[in-house]
1. Amide H neighbours of L48 under 5 Å, at least 5 residues apart or on other chains, H built in the peptide plane: list them.
2. In whole Hz, what ³J(HN,Hα) sequence does segment 140-151 give by Karplus (6.51, -1.76, 1.60; θ = phi - 60°), x for Gly and Pro?
3. What spacing in nm lies between the two simple spin-label points modelled at A43 and V134, each 7 Å away from Cα in the Cβ direction?
4. Mind giving me the nanometre distance, one decimal, between the label points for D52 and R147, set 7 Å out from Cα along Cα→Cβ?
5. GNM, the chain, Cα, under 10 Å: largest mean-square fluctuation among G80, G29, G122?
6. Between segment 98-151 and segment 27-53, how many Å separate their Cα centres?
7. Top mean-square fluctuation among V103, V15, V40, Gaussian network model of the chain, C-alpha springs under 10 Å?
8. Using θ = phi - 60° and the Karplus form 6.51 cos²θ - 1.76 cosθ + 1.60, what ³J(HN,Hα) does each residue of segment 108-119 get, whole Hz, x for Gly and Pro?
Amino acid sequence: DGRLPWKEPQVQNQVRLLLRPLASLHRLGTSHRDITPRNVFVAKRTGLKLGDFGLVKSALHESGVVADAYTAAYKPPAIGKWWAPSDDVYQVGLIAMTLLAGVPMDNSVTKWDVNELTASKGQLRAAIKKAISVKSQRFADAEEMARSLKK
């Protein structure tokens, strides 16, 4: 009925679908920078919709966009000067954890938390762990993460 927490198959499917519009933004050199529980909406009690594009910014620099605006509780660790598509992916990992836990999960989430909420050896577990990893180990963009969540 759309209440949280959601089961893994539903989270995997809906996160994969959520990554589609984000992948389009990333192909255009744009980052969302504010993928938080307040900005991802549940449509018809089961589908996720990405909203609030107030912090969206297009990159003029190959490193990404200036990391000058974001929600602190969902900021990737060691963000530095530039916000890249992989930083949006980090926030998608937190959204997946929020759906699995049934409560907002912020940037204090660890890989141990992922283990507790996901099946071992599942695609979703591996994708979330990679999404919340250090920047050099994350998916490069939303399209890469979506490919890892194939049906």
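Please treat every number below as a calculation from the coordinates, not as lab data. Bear in mind that the values here come from a model prediction, so they are computed numbers and not experimental data. Positions of Cβ are generated from backbone atoms using ideal geometry, with glycine treated the same way; all protein chains shown enter the neighbour counts.
1. A43
2. Karplus-based 3J(HN,Hα) across segment 140-151 equals 5, 7, 5, 4, 5, 5, 4, 4, 6, 9, 4, 5 Hz.
3. A separation of 3.9 nm, rounded to one decimal place.
4. Between D52 and R147, the label points sit 3.1 nm apart.
5. Ranking G80, G29, G122 by mean-square fluctuation puts G80 first.
6. First find each Cα centre; the distance between them is then 17 Å.
7. Maximum fluctuation in the GNM of the chain, among the listed residues, is at V103.
8. Each residue's phi maps through the Karplus curve to give 8, 4, 10, 5, 5, 4, 4, 4, 5, 9, 10, 6 Hz.
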